[in-house]
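J.: Would you mind keeping the following structure in view while I ask a few things?
The values are calculated or read from the model by the stated rules, or taken from the named source; none is laboratory data. Keep in mind that what you see is a predicted model, and the values were worked out from it rather than measured. Here the Cβ is made from the backbone with ideal geometry for all residues, glycine too, and neighbour counts use every protein chain on show. Only protein heavy atoms, including side chains, enter the accessible area calculation; ligands, DNA and RNA are left aside. Shrake-Rupley method; radii C 1.70, N 1.55, O 1.52, S 1.80 Å.
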Amino acid sequence: MLVLFETPAGFALFKVLDEGKLDKVEDLWKEFTTSDSARKVVELKAFNKFENTSDALSAATLIIDSKPTKGLRKFLQKHCEGETLAVADSKLGNAIKEKLKIDCLHNSAVMELMRRLRNQLTELISGLGAQDLGPMSLGLSHSLSRYKLKFSPEKVDTMIIQAIGLLDDLDKELNTYAMRVREWYGWHFPELTKIVADNIQYAKVVKMMGDRTNAESLDFSEILSDDEVEAQLKEAAVISMGTEVSELDLLNIRELCDQVLALSEYRAQLFDYLRSRMNTIAPNLTALVGELVGARLIAHGGSLVNLAKQPGSTIQILGAEKALFRALKTKHATPKYGLIYHASLIGQAAPKHKGKISRSLAAKTALAIRYDALGDGEDNSIGLESRVKLETRLRVLEGKELGRSAGSTKGKPKIEVYEKDRKKGAGALITPAKTYNPAADLVLGQSTEETPKKPEGASKKRKHQEAEPAGAEETIQEDGDQEGQ
């Protein structure tokens, strides 16, 4: 059996002289206490030395990905014919077996043998001293770290994370600068704040106009698209209640306007860059929730791969962690959405449907992120299909609401029985409760004559109390007549 051992200087092949020693793994360390005893177990058969650091770096990166290099394949084909090869990585062994048809072995005994070989490596390989192996290991580890940091596919989304962070900072600074321009120039021309609402247009107007007395002679058609706004501006400039300012004040205000316009121009360039990076790295996520929401989700998750490991329920409330833990602590309702709330699909939904749409959108978003992070395709077909399904679901929900309001079978209003003696919306009666009237009782032992009937005109409701005493008096009178007879 042969053992493949990777070193910073090259690949080494060791021949196992006594394979019976591998049966007792727990006693294997005793055989490698000295270099002489180690040579009785293994001996160096061949050594493939790297030519330079770049060779070592390319070989190390491929070995990390469990792929044999071209030089390693030639080396193994030359020395491993008809032999079993022990390797430290099972995936690398499968790749070698698949490509070179060499039987590979990987178990606990092989791993223990690798550990013991590492202890006696400088003694078993002639010409490779400890003073040479240390600098080689250090140089290769530094090169490998730089390579992984520069070319790792997991780190490509770092550009998106930095871009969206800078974009948010630019929005805050741009808003602060624009408000400062309005407050500063508002002392001179306060009416302009209500006339021109857009901050960028406001800065362009101020930079072009300077003193408000120049407004009548200037043409603002390139800045203001509406002629009525321009006419309103010129009219307000004549009757403005603002104070006079010096040329030095106007010079500083114009410089601040230049800063606002420069920041807005750079923000537009940064947004175009962010859009292109998102369409390249996460096309399905971009098609589903948009560039800004997708970039914020990636930044909040740390990376695209980390975000792909999250379930849909986590993506749904990503960004609302404080509200979630506060709701769990106080035993209130948990939030329905976080950063995903700003997606256009949730914005289109009615308030009562936002929870359902956000749950469905989060589930589809989780699938799109996993496809972007781990899939081989680079198209946005899954994102577009999911968006069409969600839009259809939204229309179905809205159609159900329209059906209910139009009087569908399930949405017919409940018909309530009208009772005039009951108050509206309450169970109490308007009329007072009836009391027992003893005068209406019949006398015991009366004859078999029929009891006189009540007057026909008596009402069952309100006239019932008035009719009962009259009927009682007639009954008493009739009883008296009978007794007299």
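J.: Once both labels are modelled 7 Å past Cα along the beta-carbon direction, what's the LYS101-TYR436 spacing in nm?
T.: It is 11.3 nm.
J.: Using alpha carbons only, how many angstrom separate the centre of segment 233-311 from the centre of segment 25-104?
T.: Value for the Cα centre distance between the two parts: 55 Å.
J.: Further question on the same structure: Per residue, how much accessible area does segment 282-398 have with a 1.4 Å probe, in Å²? Mind showing how you got there, number by number?
T.: Values: 5990 Å² over 117 residues.
Ligands and nucleic acids excluded, the result is 51 Å² per residue.
J.: Note down the nm distance, to one decimal, between modelled labels 7 Å out along Cα→Cβ at ARG359 and at GLU321.
T.: So the two model labels end up 2.5 nm from each other.
J.: In whole percent, how big is the carbon plus sulfur part of the accessible area of segment 156-272, probe 1.4 Å, protein atoms only?
T.: On the way: 3580 of 6770 Å².
Carbon and sulfur atoms account for 53 percent of the accessible area of segment 156-272.
J.: Per-residue counts of other Cβ atoms within 10 Å, averaged by peptide: what ranking do you get for 115-124, 184-193, 18-27, 4-13, highest first? Before the final figure, lay out the partial values.
T.: Numbers: 115-124: 16.5, 184-193: 18.0, 18-27: 11.8, 4-13: 21.0.
In descending order of packing, they fall as 4-13, 184-193, 115-124, 18-27.
J.: Same structure, new question: Throw me the Rg/Rh for segment 2-149, computed over C-alpha atoms with Kirkwood Rh, two decimals. Please list the in-between numbers first.
T.: On the way: Rg = 15.1 Å, Rh = 15.9 Å.
Ratio value, two decimals: 0.95.
J.: Can you tell me how much longer the chain between THR34 and THR314 gets when fully stretched, taken as 0.36 nm per residue apart minus their C-alpha distance, in nm with one decimal?
T.: Working: separation 280, 0.36 × 280 = 100.80 nm, distance 5.60 nm.
Going from the current span to full extension adds 95.2 nm.
J.: Sort 39-49, 237-247 for me by packing, meaning the mean count of neighbouring Cβ atoms within 10 Å per residue, highest on top.
T.: Values: 39-49: 16.1, 237-247: 12.0.
Highest to lowest by the protection proxy: 39-49, 237-247.
J.: Can you find, among VAL229, GLY210, PRO190, the residue farthest towards the positive end of the dipole of segment 156-272? Put +1 on the C-beta of Lys and Arg, -1 on that of Asp and Glu.
T.: Of the options given, the answer is PRO190.
J.: Could you do me a favour and compute the accessible area per residue for segment 156-272, 1.4 Å probe, result in Å²? Mind dumping the intermediate values first?
T.: Numbers: 6770 Å² over 117 residues.
Here the per-residue accessible area is 58 Å².
J.: Of LYS322/LYS389; LYS172/LYS204; LYS172/LYS364; LYS322/LYS354; LYS24/LYS70, which pairs sit farther than 25 Å apart, going by alpha carbon to alpha carbon?
T.: Working: LYS322/LYS389 31 Å; LYS172/LYS204 19 Å; LYS172/LYS364 31 Å; LYS322/LYS354 20 Å; LYS24/LYS70 36 Å.
Beyond 25 Å between Cα atoms: LYS322/LYS389; LYS172/LYS364; LYS24/LYS70.
J.: Same structure, new question: Carbon and sulfur: what percent of segment 34-143's accessible surface (1.4 Å probe)? Write down the numbers at each step before the final one.
T.: Working: 3010 of 6380 Å².
Percent of accessible area from carbon and sulfur atoms in segment 34-143: 47.
J.: Heavy-atom accessible area per residue, segment 2-149, 1.4 Å probe: how many Å²?
T.: Values: 8400 Å² over 148 residues.
Value returned for segment 2-149: 57 Å² of accessible area per residue.
J.: Where the accessible area of segment 282-398 is counted over protein heavy atoms with a 1.4 Å probe, how much of it, in %, is carbon and sulfur? Walk me through the intermediate numbers first.
T.: Details: 3300 of 5990 Å².
Carbon and sulfur atoms account for 55 percent of the accessible area of segment 282-398.
J.: Let me ask something else. Taking a ≥ b ≥ c as the square roots of the eigenvalues of the Cα gyration tensor of segment 156-272, is the shape rounded (a/c under 1.5), prolate (a/b larger than b/c) or oblate?
T.: Working: a/c = 2.83, a/b = 2.02, b/c = 1.40.
The shape class here is prolate.
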